[in-house]
Every structure is written in C-alpha cells, then in structure tokens.
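Remarks on the structure that follows.
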Amino acid sequence: NKVDEDLRSVYYNAIYLPSIDVFSALGIALVIWYGGGKFVQDQIQLGVLVAFLQYLQKFFEPIRDLAEKFNIIQTAIASAERTFELLDTPEDIVDSHSSQPIKKVRGKVEFRNVWFSYKNDENVLKDISFSLLEGESLAVVGATGAGKSSLINALCRFYEISRGNILLDGVPTNQINKHELRRQISLVQQDVFVFSGSILDNIRLGNPRLKKDKVKSIAKSVNLHRFVDCLPDKYEQNIREKGSLLSLGQKQLLSFARALAVDPRILVLDEATSSIDTETELQVQSGIKELIRGRTSIIIAHRLSTLKNVDKILVLKEGRMAEYGTQKELLLKRGTFWKLYNLQAVNDVNL
C-alpha cells in the first residue's frame with residue numbers, strides 16, 4: 001500500500017508541477033504580448049504591465065504550494081491507513097471465560113513438554129521441559145535459530161503453544177488473564193527504545209507514580225546514577241528521541257532501571273553485552289546482577305561472563321533441549337555446551 005501511494009504521489013507530482021509551469025509561462029507570455037502592445041500604443045503605463053506580471057506570479061504561487069500539500073496529504077492518508085489497519089487487526093490471543101486473576105505471584109515457572117510453532121508452521125520448540133523455583137535464574141544458550149526468542153514469546157504468551165503446558169506458580173498461563181500475566185513479567189530486550197523526554201519519565205514508563213527518590217535509588221543500584229548526576233538537568237534531562245544522547249551501554253542500564261521500577265516477579269533479559277566494550281560490559285554485568293537478585297530470571301546469554309550469575313543453563317539445539325543443568329555439570333559432560341564454551345573462550349564469539 002505504501003509503495004502504491006508513493007508511486008501515485010510521484011505520478012501526480014510529475015504531471016501537476018510541469019503543468020502549472022506551462023500555464024504560468026503561457027500567462028506571462030500572454031500578458032507581455034497583450035500588455036506590451038497596449039504599452040506601445042501608449043494606452044497603459046509600464047507600471048501597470050509590471051504590476052500584472054507580479055499579480056500573475058502571486059496567483060500561481062499558492063497553486064504550486066498545493067502540490068506540496070497534496071504530497072503531504074497522500075503521505076498522511078497512507079500512514080493513517082496503516083495505523084487503522086493495525087488497530088483493526090483482531091487479537092490472536094483471546095482470554096477464555098475461565099481466565100483467573102493472579103493474587104500473589106511467587107515466581108515459580110515450569111515448562112511441561114512444550115511444543116510451539118508460528119501459525120501452524122514447523123515446530124520451533126520441541127518437547128521443552130524445565131522448572132525454575134522462586135528466585136532462581138536460567139541462562140538460555142544456543143546458536144541462531146535454536147529457539148531462544150521463541151521460548152520467551154511462549155512464556156509471555158505472545159503466541160499460544162501447540163502442545164504441553166507453561167505454568168506460573170502451578171497455574172497454566174493460558175488460564176491467567178494475559179494482561180495480568182504480562183504485568184508480572186518484565187521483558188528487557190536487546191534493542192532498547194528510549195522515548196523523547198526526561199530520564200525520569202523514561203525510567204517511570206511502566207510505573208508513573210513512582211517517586212523521584214525511589215527512581216534515584218533504582219538508578220544507583222544499576223550503576224546509572226553516576227552518569228545521570230553529571231548531566232546539566234540530572235533526571236530532568238531531555239534525552240531526545242531514541243536516546244541520541246546515550247551510549248549503547250547507558251541505554252541498557254536505563255532499561256534495567258525501567259524494569260526495576262515495575263518490580264516484576266519474573267525477569268526476562270535478552271542480554272546485550274555482545275556489542276559493547278569491556279569497561280561498559282563490567283557496568284552492565286553489575287547491573288544484571290542487581291536486576292536478577294530475588295527474582296525468577298531467564299536470560300538469553302551471549303557471553304560467558306553472564307553465566308557466572310545464573311543457577312541453571314538450558315542449551316537449545318534446533319528447538320530441542322540439548323542439555324540442562326548447572327554450568328559445572330554441563331562442562332563435565334563435555335557436550336554441546338562444553339563446545340560452545342570453549343569456542344567463545346578461544347575465539348571470543350557469541351554463544
């Protein structure tokens with residue numbers, strides 16, 4: 001649709017503007033021909049002829065502006081159509097009438113023989129089973145396309161699973177109101193979006209009523225306060241659209257503070273230390289350690305340094321569980337994880 005609208009806009013623009021220029025030139029020629037004759041015959045003064053030429057230019061100026069306005073209108077119509085198309089899209093995940101509210105969440109997460117596919121395609125998760133007690137942390141490692149992101153999508157119930165059960169405190173997630181479920185899960189993604197506005201507003205995004213003193217305390221715990229304190233306006237500093245004033249590491253620390261502000265019982269972290277320098281990584285790793293403290297946490301791990309803070313490791317291979325256990329147990333097996341571990345230790349590549 002956007003391509004069609006753009007092509008139509010270019011087509012009209014290509015016809016409209018040259019046509020206006022042709023009519024404008026013809027009008028000027030006509031005025032000069034007719035008015036020049038009258039001037040030669042001494043029927044009008046030169047000033048009258050010049051005035052008509054000026055009036056003619058003034059007449060065609062707003063007509064030319066219409067072409068620009070037309071392009072803007074066409075772009076706005078195309079944008080509005082895409083927006084309403086998104087708003088009118090029916091929900092794929094609909095709560096059943098038996099959905100129950102969550103009372104007090106402890107944070108126990110369990111996958112029981114979970115199979116998952118996108119829109120009846122080939123299964124991307126195959127017979128996944130593991131459990132996390134309250135406050136435990138799990139690192140998920142595997143090659144690209146192994147199913148790490150799909151595991152997170154299934155947990156957050158962005159899609160319905162094909163078979164099996166995902167349980168939160170013993171209750172299947174498909175029996176829990178999806179909005180209440182997602183309020184208990186804080187998802188920190190690798191690509192952090194920062195909104196135009198103050199640092200304070202960005203941290204309080206999910207909890208607008210949070211007091212400023214609490215925000216400062218959270219920022220200190222994830223190593224963000226030192227940077228904010230150096231800014232001219234401190235926490236009221238406008239960091240512009242997409243956080244153009246922030247480095248990649250600072251955006252990550254801001255996302256950690258944003259997650260803590262919600263105080264979730266379950267934390268899902270797509271850890272993003274793979275593209276930052278060593279000094280910044282140390283700050284981010286310290287922030288991660290504080291972030292997962294006392295919370296059930298699932299971390300998509302890219303570097304060995306992340307694995308030091310987790311209780312268990314799940315290795316995925318082509319959508320299946322290749323290995324599961326503690327780091328020590330998996331290294332002793334000398335299997336898939338042992339190979340990935342040594343590969344990064346030697347070549348410094350992501351897990």
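The values are calculated or read from the model by the stated rules, or taken from the named source; none is laboratory data. In this text, all values refer to a predicted model and were calculated from it rather than measured experimentally. Heads up, the Cβs are rebuilt from the backbone with ideal geometry, glycines too, and the neighbour counts pull from every protein chain shown.
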Selected residue [in the same structural domain as Tyr11 (by TED's automatic domain parsing) and at positive phi] from Asp65, Asp21, Asp42: Asp42
Test: Pro208 is surrounded by 21 or more Cβ atoms within 10 Å (Cβ to Cβ) and part of a loop (DSSP other than H, G, I, E, B): no
Test for Glu68: is it under 30 Å from Asp4 (Cα atoms) and either among the aromatic types (Phe, Trp, Tyr) or modelled with pLDDT under 80 (or both): yes
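Condition check ((1) surrounded by fewer than 15 Cβ atoms within 10 Å (Cβ to Cβ); (2) without any contact (Cβ under 8 Å) to a residue 40 or more places away in the chain; (3) outside the structural domain of Ile298 (by TED's automatic domain parsing); (4) touching a Cys at 6+ places or on another chain (Cβ under 9 Å)) across all residues:
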| residue | (1), (2), (3), (4) |
| --- | --- |
| Leu167 | no, no, no, no |
| Leu181 | no, no, no, yes |
| Ser198 | no, no, no, no |
| Lys212 | yes, yes, no, no |
| Ala219 | no, yes, no, no |
| Val222 | no, no, no, no |
| Phe227 | no, yes, no, no |
| Tyr235 | no, yes, no, no |
| Arg240 | yes, no, no, no |
Count of region 294-304 residues which are modelled with pLDDT of 75 or more and under 25 Å from the mean Cα position of the chain (by Cα): 7
Residue that is nearest to the chain's Cα centre (by Cα) [pool: residues in region 196-211 that are of a type in the set (D, E, K, R) and over 22 Å from Glu241 (Cα atoms)]: Arg209
Residues that are surrounded by 13 or more Cβ atoms within 10 Å (Cβ to Cβ) and within 27 Å of the chain's Cα centre (by Cα), drawn from region 83-101: Asp95
Yes/no for Ala67 being aliphatic (A, V, I, L, M), surrounded by 12 or more Cβ atoms within 10 Å (Cβ to Cβ) and either out of contact with any Cys (no Cβ under 6 Å at 6 or more places or on another chain) or under 23 Å from Arg183 (Cα atoms) (or both): yes
Any chance Val114 is closer than 21 Å to Asn177 by Cα, assigned by TED's automatic domain parsing to the domain that holds Leu168 and either free of Cβ contacts under 8 Å to residues at least 40 places away in the same chain or in contact with a helix residue (DSSP H, G or I) (Cβ under 9 Å, 6 or more places away or on another chain) (or both): yes
Unique match (being part of a helix (DSSP H, G or I), out of contact with any helix residue (DSSP H, G or I) (no Cβ under 8 Å at 6 or more places or on another chain) and modelled with pLDDT under 85) among Leu307, Leu343, Leu332, Leu253: Leu343
Checking Phe193 against (1) of a type outside the set (S, T, N, Q); (2) over 30 Å from Arg240 (Cα atoms); (3) surrounded by fewer than 17 Cβ atoms within 10 Å (Cβ to Cβ), the condition it does not meet: (2)
Residue among Ser131, Ser162, Ser137 that alone is more than 23 Å from Gly294 (Cα to Cα) and at pLDDT 85 or above: Ser162
Out of Ala139, Ala51, Ala78, sole residue that is touching a residue at least 60 places away in the same chain (Cβ under 8 Å), small (Gly, Ala, Ser) and closer than 30 Å to Pro18 by Cβ: Ala78
